1. Out of curiosity, is I3 surrounded by 19 or more Cβ atoms within 10 Å (Cβ to Cβ) and of a type outside the set (G, A, S)?
2. Please go through (1) closer than 30 Å to K120 by Cα; (2) surrounded by 19 or more Cβ atoms within 10 Å (Cβ to Cβ); (3) acidic (D, E) for D28 and return the number of the only condition it doesn't satisfy.
3. Can you confirm whether R122 is farther than 16 Å from L15 by Cα, in a helix (DSSP H, G or I) and either hydroxyl-bearing (S, T, Y) or at pLDDT below 90 (or both)?
4. Can you name the residue in segment 29-80 that is outside any helix (DSSP H, G or I), small (G, A, S) and without any contact (Cβ under 8 Å) to a residue 24 or more places away in the chain and, of all such residues, is farthest from I114 (Cα to Cα)?
5. The conditions are (1) within 23 Å of D105 (Cα to Cα); (2) surrounded by 11 or more Cβ atoms within 10 Å (Cβ to Cβ), and G34 fails exactly one of them. Which is it?
6. Step by step: first the residues of segment 44-75, then only those that are modelled with pLDDT of 95 or more and small (G, A, S), then the one that is surrounded by the fewest Cβ atoms within 10 Å (Cβ to Cβ). Which residue is that?
Amino acid sequence: MNIYESAEDYLECILMLHERKGEVRSIDIVRELGLSKPSVSVAMKHLRENGYLQMDKDGFINLLPPGEEIARRIYSRHQLLTEFLTQLGVSQEAAALDACKIEHDLSEESYERIREMTLKNREEPT
């Protein structure tokens, strides 16, 4: 399933906002990502047309199964990469920012090795 990095970011943002707030509107995405209303509006239109989300008559956004699958995969990668970087001694803030930069481009092979190492480090007493 090929999707642009920016679309992955939007879907991940919707998932995170939905988990935090319960309801998500375009303005919430504007505020969260620091983007313009027109940019978010165009992105929501494309994501809706491609079957990743739906908007109800009141403007609330809900992920459809394909969008939720992508959002959960990216969010999971983000969380694990953040944890891995903090295990290396990177501050939580820098780790979260860096994880956001690499979560989309990291190969599946590299991600799996990082995942294995992160899980192993969880189990080892410090």
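1. no
2. (1)
3. Numbers: farther than 16 Å from L15 by Cα: yes; in a helix (DSSP H, G or I): yes; either hydroxyl-bearing (S, T, Y) or at pLDDT below 90 (or both): yes.
In short, yes.
4. For segment 29-80, the residue satisfying everything is S36.
5. Among (1) within 23 Å of D105 (Cα to Cα); (2) surrounded by 11 or more Cβ atoms within 10 Å (Cβ to Cβ), the lone unmet condition for G34 is (2).
6. G51
The values are calculated or read from the model by the stated rules, or taken from the named source; none is laboratory data. Bear in mind that the values here come from a model prediction, so they are computed numbers and not experimental data. Reconstructed Cβ throughout: ideal geometry from the backbone, glycine too, with neighbour counts over all protein chains shown.
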